[in-house]
1. Just to verify a result, which residue in segment 222-231, among those that are touching a Leu at 6+ places or on another chain (Cβ under 7 Å) and of a type outside the set (V, I, T), is modelled with the highest pLDDT?
2. All but one of (1) at pLDDT 65 or above; (2) of a type in the set (D, E); (3) buried (at least 16 other Cβ atoms within 10 Å of the Cβ) hold for E142; state the number of the condition that does not hold.
3. On the basis of being buried (at least 24 other Cβ atoms within 10 Å of the Cβ), modelled with pLDDT under 85 and under 24 Å from the mean Cα position of the chain (by Cα), does G384 make the cut?
4. Residue by residue through segment 194-220, note down the ones that are outside any loop (DSSP other than H, G, I, E, B) and crowded, with 18+ Cβ neighbours inside 10 Å.
5. Could you please find all residues in segment 206-221 being over 15 Å from F186 (Cβ atoms) and either outside the structural domain of V169 (by TED's automatic domain parsing) or in contact (Cβ under 8 Å) with a residue 40 or more places away in the chain (or both)?
6. Looking at the structure I just gave you, is L320 in the same structural domain as F266 (by TED's automatic domain parsing), crowded, with 17+ Cβ neighbours inside 10 Å and modelled with pLDDT under 90?
7. Restricting attention to segment 415-445, which residues are among the small types (G, A, S) and either within 28 Å of Q143 (Cα to Cα) or within 18 Å of the chain's Cα centre (by Cα) (or both)?
Amino acid sequence: MSASSESTSEESDGLTLKAVVKGAGPSGLAAAIALAQSGFDVQVAEKRPSRPIGHGRKNMVALRPEALRQLNKLGALKYALSPDQNEGGVGCITRMVEARTTSQIDGSIFEWPLQRYFGAEPPDSMSNDQENEYEIPNKINEQVPSSFINLGDLEDCLLQAAADLGVRVADDATIHLAPGGCPKKFSATLKQNSGTSTSLGVPDLVVCASGKNDRSLTDELEIQRISCAVLSDADLATATNLNKPLALRLRADKNEDLESQLYSVFGVRDLSLTIGTLDHVIRKHTSGPNHVSQPVVEIQMNHATAAHFILQHPRSSPPLHANTQALETYVLDRINARLKTSYTSAQHLMDSGNLVWGEPLAPITVETLTAPQFVYGDNVILIGDCAMSCSPSSGLGADIGMTVDSQSVRALAEDFRDARGVGRKERRMEALVQFNRRKAASAVIWSQGSRGFYLTRREADEILKRQRCEV
(Lines give C-alpha, C1' and ligand atoms only; values in the text may rest on other atoms or scores of the structure.)
Protein backbone atom coordinates (compact mmCIF):
# COMPACT_ATOMS: atom_id res chain seq x y z
CA MET A 1 0.00 0.00 0.00
CA SER A 2 1.27 3.45 -0.77
CA ALA A 3 0.18 7.03 -0.29
CA SER A 4 -1.58 8.96 -2.99
CA SER A 5 0.56 11.58 -4.69
CA GLU A 6 -2.37 13.93 -5.15
CA SER A 7 -2.30 17.14 -3.11
CA THR A 8 -5.28 19.14 -1.91
CA SER A 9 -5.07 22.82 -1.01
CA GLU A 10 -8.66 23.35 0.05
CA GLU A 11 -10.99 21.83 2.59
CA SER A 12 -13.05 18.90 1.32
CA ASP A 13 -16.07 19.90 -0.78
CA GLY A 14 -18.46 18.05 1.51
CA LEU A 15 -19.18 15.34 -1.07
CA THR A 16 -16.18 13.14 -0.32
CA LEU A 17 -15.06 13.50 3.26
CA LYS A 18 -11.32 13.26 3.75
CA ALA A 19 -9.51 11.94 6.82
CA VAL A 20 -5.85 11.71 7.74
CA VAL A 21 -4.63 9.26 10.38
CA LYS A 22 -1.22 9.67 11.99
CA GLY A 23 0.05 6.29 13.18
CA ALA A 24 -0.59 2.74 11.93
CA GLY A 25 -0.66 0.92 15.25
CA PRO A 26 -3.85 -0.88 16.35
CA SER A 27 -5.60 2.36 17.38
CA GLY A 28 -4.77 4.20 14.17
CA LEU A 29 -5.66 1.31 11.88
CA ALA A 30 -8.94 0.61 13.70
CA ALA A 31 -9.85 4.29 13.36
CA ALA A 32 -8.89 4.32 9.66
CA ILE A 33 -11.11 1.31 8.97
CA ALA A 34 -14.04 2.81 10.89
CA LEU A 35 -13.65 6.03 8.89
CA ALA A 36 -13.49 4.16 5.58
CA GLN A 37 -16.57 2.14 6.50
CA SER A 38 -18.35 5.46 7.12
CA GLY A 39 -17.51 6.72 3.62
CA PHE A 40 -14.33 8.72 4.25
CA ASP A 41 -11.36 8.82 1.91
CA VAL A 42 -8.53 7.85 4.29
CA GLN A 43 -4.77 8.45 4.23
CA VAL A 44 -2.60 6.87 6.97
CA ALA A 45 1.03 7.72 7.72
CA GLU A 46 3.33 5.43 9.72
CA LYS A 47 6.85 6.41 10.82
CA ARG A 48 8.12 2.80 10.80
CA PRO A 49 9.47 1.39 7.52
CA SER A 50 7.57 -1.22 5.56
CA ARG A 51 8.01 -4.83 6.70
CA PRO A 52 6.91 -8.28 5.55
CA ILE A 53 3.78 -9.85 7.04
CA GLY A 54 4.65 -11.78 10.19
CA HIS A 55 7.71 -9.70 11.08
CA GLY A 56 6.11 -7.15 13.39
CA ARG A 57 6.31 -6.42 17.11
CA LYS A 58 6.26 -9.52 19.33
CA ASN A 59 4.94 -8.12 22.61
CA MET A 60 1.53 -9.40 23.63
CA VAL A 61 -1.90 -7.79 23.64
CA ALA A 62 -4.66 -9.25 25.82
CA LEU A 63 -8.07 -9.00 24.13
CA ARG A 64 -11.48 -8.69 25.79
CA PRO A 65 -14.53 -10.22 24.09
CA GLU A 66 -15.58 -6.71 23.09
CA ALA A 67 -12.23 -6.20 21.30
CA LEU A 68 -12.87 -9.40 19.33
CA ARG A 69 -16.36 -8.24 18.45
CA GLN A 70 -14.96 -4.94 17.22
CA LEU A 71 -12.25 -6.73 15.22
CA ASN A 72 -15.04 -8.67 13.54
CA LYS A 73 -16.94 -5.44 12.85
CA LEU A 74 -13.76 -3.94 11.35
CA GLY A 75 -13.30 -6.92 9.06
CA ALA A 76 -10.00 -7.96 10.66
CA LEU A 77 -10.98 -10.93 12.85
CA LYS A 78 -11.23 -13.30 9.89
CA TYR A 79 -7.53 -12.84 9.19
CA ALA A 80 -6.62 -13.77 12.78
CA LEU A 81 -8.68 -16.98 12.94
CA SER A 82 -7.16 -20.37 12.23
CA PRO A 83 -7.30 -21.63 8.61
CA ASP A 84 -10.00 -24.16 9.49
CA GLN A 85 -12.19 -21.27 10.74
CA ASN A 86 -11.43 -18.96 7.82
CA GLU A 87 -9.56 -19.73 4.60
CA GLY A 88 -7.45 -16.57 4.83
CA GLY A 89 -6.72 -16.87 8.55
CA VAL A 90 -3.31 -17.49 10.05
CA GLY A 91 -4.34 -18.66 13.52
CA CYS A 92 -2.48 -15.96 15.43
CA ILE A 93 -4.99 -15.61 18.29
CA THR A 94 -4.54 -17.77 21.38
CA ARG A 95 -7.62 -18.56 23.43
CA MET A 96 -7.11 -18.34 27.14
CA VAL A 97 -7.84 -21.66 28.80
CA GLU A 98 -6.89 -20.53 32.29
CA ALA A 99 -6.26 -17.09 33.76
CA ARG A 100 -6.08 -15.80 37.28
CA THR A 101 -4.85 -12.96 39.45
CA THR A 102 -3.13 -13.88 42.70
CA SER A 103 -2.14 -11.43 45.40
CA GLN A 104 0.60 -12.48 47.78
CA ILE A 105 -0.17 -9.30 49.74
CA ASP A 106 -3.65 -10.27 50.96
CA GLY A 107 -3.72 -13.91 49.82
CA SER A 108 -6.62 -13.42 47.40
CA ILE A 109 -7.06 -15.44 44.19
CA PHE A 110 -9.35 -14.30 41.38
CA GLU A 111 -10.15 -16.84 38.65
CA TRP A 112 -11.01 -14.91 35.49
CA PRO A 113 -14.47 -15.78 34.12
CA LEU A 114 -13.21 -16.33 30.57
CA GLN A 115 -15.65 -15.43 27.79
CA ARG A 116 -14.75 -16.91 24.43
CA TYR A 117 -15.83 -15.46 21.11
CA PHE A 118 -14.53 -16.48 17.72
CA GLY A 119 -17.56 -16.26 15.45
CA ALA A 120 -19.74 -13.64 13.86
CA GLU A 121 -22.18 -13.49 16.75
CA PRO A 122 -21.56 -11.45 19.93
CA PRO A 123 -20.41 -13.36 23.03
CA ASP A 124 -23.03 -14.82 25.36
CA SER A 125 -22.72 -11.89 27.77
CA MET A 126 -23.59 -9.38 25.07
CA SER A 127 -26.56 -10.04 22.78
CA ASN A 128 -27.32 -7.83 19.81
CA ASP A 129 -29.86 -5.74 21.69
CA GLN A 130 -27.22 -4.97 24.34
CA GLU A 131 -24.65 -3.63 21.90
CA ASN A 132 -25.22 0.03 22.68
CA GLU A 133 -24.73 -0.60 26.39
CA TYR A 134 -21.17 -1.70 25.73
CA GLU A 135 -20.28 1.58 24.07
CA ILE A 136 -19.97 2.96 27.62
CA PRO A 137 -16.31 2.69 28.63
CA ASN A 138 -16.88 1.37 32.14
CA LYS A 139 -19.00 -1.50 30.82
CA ILE A 140 -16.11 -2.61 28.61
CA ASN A 141 -13.73 -2.21 31.53
CA GLU A 142 -15.80 -4.77 33.46
CA GLN A 143 -14.91 -7.49 30.96
CA VAL A 144 -11.81 -9.61 31.44
CA PRO A 145 -9.54 -10.60 28.53
CA SER A 146 -10.29 -13.98 27.01
CA SER A 147 -7.49 -14.28 24.44
CA PHE A 148 -4.21 -12.72 23.39
CA ILE A 149 -2.21 -12.00 20.25
CA ASN A 150 1.18 -10.64 19.20
CA LEU A 151 0.98 -6.91 18.55
CA GLY A 152 2.59 -7.34 15.13
CA ASP A 153 0.07 -10.02 14.12
CA LEU A 154 -2.78 -7.78 15.26
CA GLU A 155 -1.44 -4.94 13.11
CA ASP A 156 -1.10 -7.30 10.13
CA CYS A 157 -4.76 -8.33 10.41
CA LEU A 158 -5.88 -4.70 10.63
CA LEU A 159 -3.65 -3.72 7.68
CA GLN A 160 -5.29 -6.39 5.51
CA ALA A 161 -8.76 -5.20 6.51
CA ALA A 162 -7.75 -1.60 5.77
CA ALA A 163 -6.45 -2.61 2.32
CA ASP A 164 -9.78 -4.30 1.57
CA LEU A 165 -11.43 -0.88 1.98
CA GLY A 166 -8.91 1.05 -0.11
CA VAL A 167 -7.24 2.81 2.84
CA ARG A 168 -3.86 4.20 1.75
CA VAL A 169 -0.93 3.66 4.12
CA ALA A 170 2.37 5.50 3.65
CA ASP A 171 5.21 3.78 5.50
CA ASP A 172 8.39 5.54 6.60
CA ALA A 173 6.41 8.80 6.75
CA THR A 174 4.74 11.17 9.15
CA ILE A 175 2.08 13.89 9.25
CA HIS A 176 2.83 17.49 10.21
CA LEU A 177 0.00 19.80 11.24
CA ALA A 178 -0.25 23.57 10.94
CA PRO A 179 -3.08 26.12 11.34
CA GLY A 180 -5.01 25.87 8.07
CA GLY A 181 -6.66 28.34 5.74
CA CYS A 182 -9.98 27.87 7.54
CA PRO A 183 -10.56 29.23 11.06
CA LYS A 184 -9.71 26.76 13.83
CA LYS A 185 -8.79 24.02 11.36
CA PHE A 186 -5.42 22.38 10.87
CA SER A 187 -3.88 21.59 7.51
CA ALA A 188 -1.85 18.40 7.04
CA THR A 189 1.35 17.61 5.16
CA LEU A 190 2.57 14.09 4.45
CA LYS A 191 6.33 14.00 4.84
CA GLN A 192 8.36 10.98 3.74
CA ASN A 193 11.62 10.29 5.52
CA SER A 194 13.21 10.40 2.07
CA GLY A 195 12.56 14.16 2.10
CA THR A 196 9.53 14.47 -0.19
CA SER A 197 6.39 16.27 1.03
CA THR A 198 2.79 16.16 -0.14
CA SER A 199 0.15 18.66 0.93
CA LEU A 200 -3.06 17.01 2.10
CA GLY A 201 -4.85 20.32 2.44
CA VAL A 202 -7.35 20.80 5.25
CA PRO A 203 -8.89 17.37 5.96
CA ASP A 204 -12.35 17.08 7.44
CA LEU A 205 -10.82 15.03 10.24
CA VAL A 206 -7.29 14.37 11.48
CA VAL A 207 -6.92 11.41 13.85
CA CYS A 208 -3.71 11.39 15.86
CA ALA A 209 -2.76 7.88 17.01
CA SER A 210 1.02 8.21 17.02
CA GLY A 211 1.75 7.16 20.61
CA LYS A 212 2.69 9.05 23.74
CA ASN A 213 6.20 9.97 22.61
CA ASP A 214 5.29 12.01 19.53
CA ARG A 215 7.05 15.24 20.47
CA SER A 216 6.37 16.94 17.14
CA LEU A 217 2.61 16.53 17.65
CA THR A 218 2.88 17.79 21.22
CA ASP A 219 4.64 20.89 19.94
CA GLU A 220 2.29 21.45 16.99
CA LEU A 221 -0.85 21.26 19.14
CA GLU A 222 0.82 22.78 22.23
CA ILE A 223 -0.29 19.87 24.42
CA GLN A 224 0.62 20.18 28.09
CA ARG A 225 0.37 16.55 29.15
CA ILE A 226 -0.68 15.41 32.62
CA SER A 227 1.89 12.93 33.88
CA CYS A 228 2.10 10.43 36.74
CA ALA A 229 -1.25 11.01 38.38
CA VAL A 230 -4.64 9.41 38.86
CA LEU A 231 -7.09 11.53 36.88
CA SER A 232 -10.00 13.33 38.48
CA ASP A 233 -13.57 13.09 37.19
CA ALA A 234 -14.60 16.26 39.04
CA ASP A 235 -15.00 18.24 35.83
CA LEU A 236 -16.47 15.58 33.53
CA ALA A 237 -19.84 17.33 33.74
CA THR A 238 -18.49 20.72 32.64
CA ALA A 239 -18.72 20.11 28.87
CA THR A 240 -22.28 21.40 28.61
CA ASN A 241 -21.71 24.34 26.26
CA LEU A 242 -21.68 22.81 22.80
CA ASN A 243 -19.92 25.88 21.40
CA LYS A 244 -16.89 25.27 23.63
CA PRO A 245 -15.69 21.69 23.12
CA LEU A 246 -12.43 22.40 24.94
CA ALA A 247 -14.23 23.53 28.09
CA LEU A 248 -13.67 20.00 29.38
CA ARG A 249 -10.11 19.71 30.67
CA LEU A 250 -8.95 16.85 32.83
CA ARG A 251 -6.79 17.61 35.82
CA ALA A 252 -4.62 15.54 38.09
CA ASP A 253 -5.48 14.53 41.61
CA LYS A 254 -2.44 15.89 43.44
CA ASN A 255 -3.08 13.61 46.39
CA GLU A 256 -2.48 10.58 44.20
CA ASP A 257 0.77 11.36 42.38
CA LEU A 258 2.05 8.06 41.02
CA GLU A 259 5.59 6.88 40.66
CA SER A 260 6.65 5.94 37.14
CA GLN A 261 7.45 2.24 36.82
CA LEU A 262 10.18 0.15 35.22
CA TYR A 263 9.37 -3.20 33.61
CA SER A 264 11.38 -5.87 31.84
CA VAL A 265 9.28 -7.20 28.96
CA PHE A 266 10.43 -10.18 26.86
CA GLY A 267 9.63 -13.71 25.68
CA VAL A 268 11.40 -17.01 26.39
CA ARG A 269 10.84 -20.19 24.40
CA ASP A 270 9.69 -23.21 26.43
CA LEU A 271 8.12 -26.21 24.69
CA SER A 272 6.67 -27.59 27.95
CA LEU A 273 4.24 -24.70 28.43
CA THR A 274 0.48 -25.04 28.66
CA ILE A 275 -0.61 -22.76 25.85
CA GLY A 276 -3.34 -20.24 26.63
CA THR A 277 -2.63 -19.66 30.30
CA LEU A 278 -2.15 -16.28 31.95
CA ASP A 279 -0.78 -15.85 35.45
CA HIS A 280 -1.00 -12.37 36.95
CA VAL A 281 0.65 -12.15 40.35
CA ILE A 282 0.95 -9.22 42.72
CA ARG A 283 4.05 -10.60 44.37
CA LYS A 284 5.42 -9.74 47.79
CA HIS A 285 9.06 -8.85 47.21
CA THR A 286 11.34 -8.63 50.24
CA SER A 287 14.83 -7.21 50.41
CA GLY A 288 17.50 -6.30 52.96
CA PRO A 289 18.33 -7.78 56.35
CA ASN A 290 15.05 -6.54 57.83
CA HIS A 291 13.07 -7.99 54.92
CA VAL A 292 11.40 -4.77 53.80
CA SER A 293 8.44 -5.84 51.64
CA GLN A 294 6.74 -4.19 48.70
CA PRO A 295 4.28 -5.29 45.99
CA VAL A 296 5.54 -5.95 42.45
CA VAL A 297 3.50 -7.02 39.43
CA GLU A 298 4.55 -10.16 37.58
CA ILE A 299 2.69 -11.41 34.49
CA GLN A 300 3.30 -14.53 32.40
CA MET A 301 1.32 -15.23 29.22
CA ASN A 302 1.90 -18.51 27.37
CA HIS A 303 1.39 -18.04 23.63
CA ALA A 304 2.59 -20.40 20.89
CA THR A 305 5.87 -21.86 22.19
CA ALA A 306 6.95 -18.95 24.38
CA ALA A 307 6.34 -17.53 27.83
CA HIS A 308 5.85 -13.77 27.56
CA PHE A 309 6.99 -11.98 30.72
CA ILE A 310 6.10 -8.59 32.18
CA LEU A 311 8.26 -8.11 35.29
CA GLN A 312 7.93 -4.97 37.37
CA HIS A 313 11.12 -3.81 39.03
CA PRO A 314 11.09 -3.39 42.82
CA ARG A 315 11.95 0.04 44.22
CA SER A 316 15.47 0.32 45.51
CA SER A 317 18.14 2.91 46.06
CA PRO A 318 20.09 3.00 43.84
CA PRO A 319 17.48 1.86 41.27
CA LEU A 320 17.73 -1.76 40.16
CA HIS A 321 18.47 -0.83 36.54
CA ALA A 322 21.50 1.21 37.67
CA ASN A 323 23.25 -2.02 38.68
CA THR A 324 23.45 -4.37 35.70
CA GLN A 325 24.51 -7.35 37.79
CA ALA A 326 21.68 -6.86 40.29
CA LEU A 327 19.14 -6.49 37.47
CA GLU A 328 20.48 -9.60 35.73
CA THR A 329 20.21 -11.59 38.96
CA TYR A 330 16.64 -10.41 39.58
CA VAL A 331 15.38 -11.18 36.07
CA LEU A 332 17.08 -14.58 35.84
CA ASP A 333 15.77 -15.57 39.27
CA ARG A 334 12.22 -14.86 38.12
CA ILE A 335 12.68 -16.75 34.81
CA ASN A 336 14.23 -19.76 36.54
CA ALA A 337 11.58 -19.80 39.27
CA ARG A 338 8.75 -19.75 36.76
CA LEU A 339 10.10 -22.01 34.02
CA LYS A 340 12.13 -24.37 36.25
CA THR A 341 15.25 -23.52 34.25
CA SER A 342 18.82 -22.83 35.32
CA TYR A 343 20.06 -19.90 33.28
CA THR A 344 23.22 -18.53 34.91
CA SER A 345 23.55 -15.28 32.97
CA ALA A 346 21.88 -13.16 30.33
CA GLN A 347 24.52 -14.41 27.89
CA HIS A 348 23.60 -17.99 28.77
CA LEU A 349 19.98 -17.18 27.90
CA MET A 350 21.02 -15.57 24.62
CA ASP A 351 23.33 -18.46 23.67
CA SER A 352 20.54 -20.96 24.32
CA GLY A 353 18.53 -19.42 21.48
CA ASN A 354 15.45 -19.33 23.71
CA LEU A 355 15.12 -15.55 24.00
CA VAL A 356 12.54 -15.03 21.25
CA TRP A 357 12.05 -11.28 21.64
CA GLY A 358 12.75 -8.32 23.91
CA GLU A 359 15.75 -7.26 26.01
CA PRO A 360 15.45 -8.42 29.64
CA LEU A 361 18.18 -6.03 30.82
CA ALA A 362 16.81 -3.00 28.95
CA PRO A 363 13.70 -2.08 30.96
CA ILE A 364 10.92 0.16 29.69
CA THR A 365 9.51 3.08 31.66
CA VAL A 366 5.75 3.14 32.11
CA GLU A 367 3.68 5.91 33.63
CA THR A 368 0.17 7.29 33.60
CA LEU A 369 0.05 10.00 30.97
CA THR A 370 -2.79 11.90 29.31
CA ALA A 371 -3.65 14.99 27.35
CA PRO A 372 -5.96 17.41 29.20
CA GLN A 373 -8.40 17.36 26.27
CA PHE A 374 -8.82 15.30 23.12
CA VAL A 375 -10.13 17.76 20.49
CA TYR A 376 -7.94 20.47 18.95
CA GLY A 377 -9.41 23.05 16.63
CA ASP A 378 -12.37 21.91 14.54
CA ASN A 379 -10.80 18.86 12.92
CA VAL A 380 -8.12 17.19 15.11
CA ILE A 381 -8.73 14.43 17.68
CA LEU A 382 -6.44 12.25 19.81
CA ILE A 383 -6.89 8.51 20.40
CA GLY A 384 -4.93 5.55 21.79
CA ASP A 385 -1.68 6.16 23.65
CA CYS A 386 -1.45 9.53 21.90
CA ALA A 387 -4.36 10.62 24.07
CA MET A 388 -3.69 8.62 27.22
CA SER A 389 -1.52 5.79 28.51
CA CYS A 390 -2.37 4.21 31.85
CA SER A 391 -1.07 0.73 31.17
CA PRO A 392 1.42 -1.10 33.37
CA SER A 393 2.82 -2.59 30.16
CA SER A 394 2.23 -2.68 26.43
CA GLY A 395 -1.22 -3.72 25.28
CA LEU A 396 -3.89 -1.76 27.13
CA GLY A 397 -3.63 1.13 24.66
CA ALA A 398 -4.34 -1.27 21.78
CA ASP A 399 -7.35 -2.71 23.60
CA ILE A 400 -8.78 0.77 24.25
CA GLY A 401 -8.07 1.73 20.65
CA MET A 402 -10.11 -1.16 19.29
CA THR A 403 -13.04 -0.87 21.70
CA VAL A 404 -13.80 2.58 23.10
CA ASP A 405 -11.83 4.58 20.54
CA SER A 406 -12.93 2.75 17.39
CA GLN A 407 -16.59 3.13 18.41
CA SER A 408 -16.09 6.80 19.28
CA VAL A 409 -14.39 7.50 15.95
CA ARG A 410 -17.14 5.65 14.09
CA ALA A 411 -19.84 7.71 15.82
CA LEU A 412 -17.94 10.92 15.10
CA ALA A 413 -17.45 9.95 11.44
CA GLU A 414 -21.14 9.20 10.98
CA ASP A 415 -22.09 12.52 12.59
CA PHE A 416 -19.68 14.38 10.27
CA ARG A 417 -21.07 12.51 7.28
CA ASP A 418 -24.68 13.29 8.17
CA ALA A 419 -23.99 16.96 8.99
CA ARG A 420 -24.64 18.61 5.63
CA GLY A 421 -26.21 21.83 4.45
CA VAL A 422 -27.46 24.47 6.86
CA GLY A 423 -26.12 24.04 10.35
CA ARG A 424 -23.30 21.71 9.27
CA LYS A 425 -20.66 23.53 11.33
CA GLU A 426 -22.76 23.51 14.51
CA ARG A 427 -23.62 19.82 14.14
CA ARG A 428 -19.98 18.90 13.64
CA MET A 429 -19.05 20.98 16.66
CA GLU A 430 -21.61 19.11 18.75
CA ALA A 431 -20.16 15.80 17.53
CA LEU A 432 -16.67 16.92 18.61
CA VAL A 433 -18.01 17.86 22.04
CA GLN A 434 -19.53 14.40 22.44
CA PHE A 435 -16.26 12.77 21.37
CA ASN A 436 -14.25 14.90 23.82
CA ARG A 437 -16.57 14.14 26.72
CA ARG A 438 -16.61 10.42 26.02
CA LYS A 439 -12.85 10.19 25.59
CA ALA A 440 -12.35 12.06 28.86
CA ALA A 441 -14.66 9.64 30.66
CA SER A 442 -12.68 6.77 29.20
CA ALA A 443 -9.38 8.32 30.33
CA VAL A 444 -10.62 8.71 33.89
CA ILE A 445 -11.98 5.16 34.10
CA TRP A 446 -8.86 3.49 32.73
CA SER A 447 -6.56 5.69 34.79
CA GLN A 448 -8.34 4.84 38.02
CA GLY A 449 -8.40 1.18 37.02
CA SER A 450 -4.63 1.18 36.60
CA ARG A 451 -4.14 2.39 40.17
CA GLY A 452 -3.73 -1.20 41.33
CA PHE A 453 -0.54 -1.54 39.29
CA TYR A 454 1.20 1.51 40.76
CA LEU A 455 2.42 2.90 44.03
CA THR A 456 1.99 6.55 44.88
CA ARG A 457 5.19 8.51 45.26
CA ARG A 458 4.47 8.70 48.98
CA GLU A 459 4.27 4.89 49.21
CA ALA A 460 7.44 4.47 47.15
CA ASP A 461 9.31 7.00 49.28
CA GLU A 462 8.25 5.11 52.42
CA ILE A 463 9.72 1.87 51.02
CA LEU A 464 13.01 3.57 50.21
CA LYS A 465 13.08 5.22 53.63
CA ARG A 466 12.68 1.86 55.36
CA GLN A 467 15.44 0.39 53.20
CA ARG A 468 17.80 3.23 54.12
CA CYS A 469 17.07 2.71 57.80
CA GLU A 470 18.52 -0.80 57.54
CA VAL A 471 21.98 0.43 56.63
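The values are calculated or read from the model by the stated rules, or taken from the named source; none is laboratory data. Small disclaimer: the values here were computed from a predicted structure and weren't measured. In this analysis, Cβ positions are derived from the backbone assuming ideal geometry, glycine residues included, and neighbour counts consider all displayed protein chains.
1. This residue is R225.
2. In the conditions (1) at pLDDT 65 or above; (2) of a type in the set (D, E); (3) buried (at least 16 other Cβ atoms within 10 Å of the Cβ), E142 misses (3) alone.
3. no
4. T198, V202, L205, V206, V207, C208, L217, E220
5. Of segment 206-221, the ones over 15 Å from F186 (Cβ atoms) are 209, 211-213, 215.
Of everything in segment 206-221, those that are over 15 Å from F186 (Cβ atoms) and either outside the structural domain of V169 (by TED's automatic domain parsing) or in contact (Cβ under 8 Å) with a residue 40 or more places away in the chain (or both) turn out to be A209, G211, K212.
6. yes
7. The answer is A431, A440, A441, S442, A443.
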